[in-house]
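Please read the structure below before turning to the comments.
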Amino acid sequence: MSGTEVATAFAALGDETRWNILVRLGREPASASALAADLPITRQAVGKHLEVLRAVGLVESRRQGREVVHRAVGGRLSALGRDLQRVGETWERRLASLKELAERDDRP
């Protein structure tokens, strides 16, 4: 996964409403109408948020009868978690190097 894809996915998750939708879909698949009933936003707003989540691969949608049902894609979220772990480890190494440099006493 490229850095741009990871950044785009994290930007999508940075919105509280999208995060709440993803958490809700993690419990069970739901239609946009069902999501709107659980959230303080309109069905149209839910649809826009779902489109962002679909675009980054965090939600899949399929027709079920007359409804479109959406579900969270756990594998994609797991991959993002691993990416975030790698970023965290990189920053930990950088901070440790900075700490070592700051604590080194090279003065005469």
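No value in this document is a laboratory result; all are computed from the given coordinates. As the structure is a computational prediction, the values presented were derived from the model and not from experiment. Because the Cβ atoms are built from the backbone with ideal geometry, glycine has one as well, and the counts that use them run over all protein chains shown.
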A correct fewest-to-most ranking of D15, D83 by other Cβ atoms within 10 Å would be D15, D83
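Ranked by Cβ crowding within 10 angstrom, fewest neighbours first, how are W19, W91 ordered?
Details: W19 14, W91 10.
Fewest-to-most Cβ neighbours within 10 Å comes out as W91, W19.
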Going residue by residue through the range 57-65, the Karplus relation 6.51 cos²θ - 1.76 cosθ + 1.60 with θ = phi - 60° gives ³J(HN,Hα) values, rounded to whole Hz and with x marking Gly or Pro, of x, 8, 9, 10, 10, 8, 6, 9, x
A37 and R66 label points (each 7 Å along its Cα→Cβ direction) are spaced in nm at 1.4 nm
Non-local residues with an amide H under 5 Å from the amide H of E67, with H modelled 1.01 Å from N and Pro and chain starts lacking one, are none
A correct fewest-to-most ranking of I41, I21 by other Cβ atoms within 10 Å would be I41, I21
Which of (1) 77, 35, 11; (2) 78, 27, 22; (3) 73, 33, 16 gives Cα extents along the principal axes in Å as computed here? It is (2)
Per the rule of 0.36 nm per residue minus the C-alpha distance, extending E92 to F10 adds in nm 27.6 nm
By the mean-Cβ-within-10 Å protection proxy, highest first, 72-78, 53-59 rank as 53-59, 72-78
